[in-house]
Amino acid sequence: MTDSVRVIAIDGPSGSGKGTIARRVAAALGYHLLDSGALYRLTAYAAGRQGIALGDTAALADIARNLQIEFGSDAEGNERVLLNGEDVTFNIRTEDAGNGASQVAAQAPVRDALLELQRSFRKAPGLVADGRDMGTHVFVDAELKIYLTASAGERARRRHKQLMDKGIDVSLAALSRDIEDRDRRDTERSVAPLRPAEDARLLDSSGQSIEAVTNTVLDWANTG
Ligand code: DC
């Protein structure tokens with residue numbers, strides 16, 4: 001029974017460190033990983049490629065339902081995301097793709113279309129699922145739910161560093177505005193808004209190292 005497979009849900013706003021922490025926790029436990037944000041990014045990106053407007057809900061839901069994707073790694077062990085066999089790893093990580101994702105994610109039929117795909121990642125020995133509604137909607141029965149936050153300023157600074165390290169030049173002020181806009185859209189949308197599940201444990205990563213936050217999550221995972 002798939003339902004007995006353990007899920008650790010990690011939700012929180014953009015830049016809280018969810019992606020990094022989820023990846024590390026999954027690697028430490030030998031669990032599968034679901035980067036649910038990538039599915040919304042892929043939907044928005046595929047729509048752009050097909051010339052479909054981000055307001056065309058029916059067409060977007062259709063794209064989401066039929067996404068042909070693969071999460072894998074290259075010869076050096078770097079993560080790779082394929083869409084219809086094409087490597088789009090970097091294309092979906094841009095700020096544009098993130099903003100597009102946030103817009104398509106506000107549309108209920110798109111979220112519904114992605115539900116089954118997300119749940120199909122639940123496989124033995126366990127799953128670490130990273131997103132906005134993992135604990136509140138997609139995996140309500142997750143054994144451990146974590147709501148990871150960090151101050152808005154710190155999230156903007158982290159994202160800025162990440163992009164600069166990748167050679168992408170953006171201003172911190174513009175990034176802060178983007179983060180605030182996206183937070184607002186994600187928390188105020190009527191469908192599956194970003195909020196902690198009632199049974200989530202809150203974890204504020206401001207001023208904490210990646211190792212410290214990962215260890216806290218692993219402690220919780222190991223001690224229940
Ligand atoms: O985590 P991320 O930045 O890759 O997510 C991109 C957008 O997708 C984010 O603005 C909100 C949306 N999203 C969502 O609504 N629900 C999820 N489970 C994951 C992401």
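The values are calculated or read from the model by the stated rules, or taken from the named source; none is laboratory data. Quick caveat, the model's predicted, so the values are computed rather than measured. Counting neighbours? That spans all protein chains shown, and the Cβs are built from the backbone with ideal geometry, glycine included.
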Which of (1) loosely packed, with under 14 Cβ neighbours inside 10 Å; (2) under 19 Å from the mean Cα position of the chain (by Cα) does A212 not meet, given it meets every other one? (2)
Working only within segment 91-121, note down all residues that are hydrophobic (A, V, I, L, M, F, W, C) and touching a residue at least 40 places away in the same chain (Cβ under 8 Å). I92, A97, A101, V104, A105, A106, A108, V110, A113, L114, L117, F121
Of the residues in segment 161-174, those that are at pLDDT 90 or above and either part of a loop (DSSP other than H, G, I, E, B) or touching a Leu at 6+ places or on another chain (Cβ under 8 Å) (or both) number 1
All but one of (1) at pLDDT 95 or above; (2) of a type in the set (A, V, I, L, M); (3) more than 18 Å from M134 (Cβ to Cβ) hold for M1; state the number of the condition that does not hold. (1)
Based on what the data block shows, is D183 assigned to a helix (DSSP H, G or I) and touching a helix residue (DSSP H, G or I) at 6+ places or on another chain (Cβ under 8 Å)? yes
Whether any residue in segment 162-169 is free of Cβ contacts under 8 Å to residues at least 12 places away in the same chain and under 27 Å from V110 (Cβ atoms) is what I want to check. yes
Quick check on segment 164-174. Is at least one of its residues closer than 25 Å to L39 by Cβ, of a type outside the set (F, W, Y) and within 14 Å of the ligand (Cβ to nearest atom)? no
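To keep it simple, each residue is scored yes or no on (1) more than 27 Å from K166 (Cα to Cα); (2) surrounded by 23 or more Cβ atoms within 10 Å (Cβ to Cβ).
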| residue | (1), (2) |
| --- | --- |
| S16 | no, yes |
| T20 | no, no |
| R24 | no, no |
| A61 | yes, no |
| A64 | yes, yes |
| N78 | no, no |
Among the residues of segment 176-193, which ones are away from the ligand (no atom under 11 Å from the Cβ) and of a type in the set (G, A, S)? S176, S190
Hits in segment 191-213 - residues which are free of Cβ contacts under 8 Å to residues at least 60 places away in the same chain and in a helix (DSSP H, G or I): E211, A212
In this structure, does E154 turn out to be charged (D, E, K, R), without any contact (Cβ under 8 Å) to a residue 40 or more places away in the chain and more than 16 Å from E95 (Cβ to Cβ)? no
So R195 fits all but one of (1) surrounded by 15 or more Cβ atoms within 10 Å (Cβ to Cβ); (2) more than 13 Å from T149 (Cα to Cα); what number is the exception? (2)
Kindly establish whether S14 is within 12 Å of the ligand (Cβ to nearest atom), assigned to a helix (DSSP H, G or I) and under 28 Å from L202 (Cα atoms). no
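Yes/no matrix, rows are residues, columns are (1) closer than 24 Å to Q208 by Cβ; (2) touching a Leu at 6+ places or on another chain (Cβ under 9 Å):
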position	(1), (2)
I8	yes, yes
V25	yes, yes
A58	no, no
F71	no, yes
G85	no, no
F90	no, no
A97	no, yes
A101	no, yes
L114	no, yes
Segment 26-38, residues that are touching a residue at least 60 places away in the same chain (Cβ under 8 Å) and either surrounded by fewer than 18 Cβ atoms within 10 Å (Cβ to Cβ) or farther than 14 Å from R93 by Cβ (or both): A26, A28, L29, G30, Y31, H32, L33, L34, S36
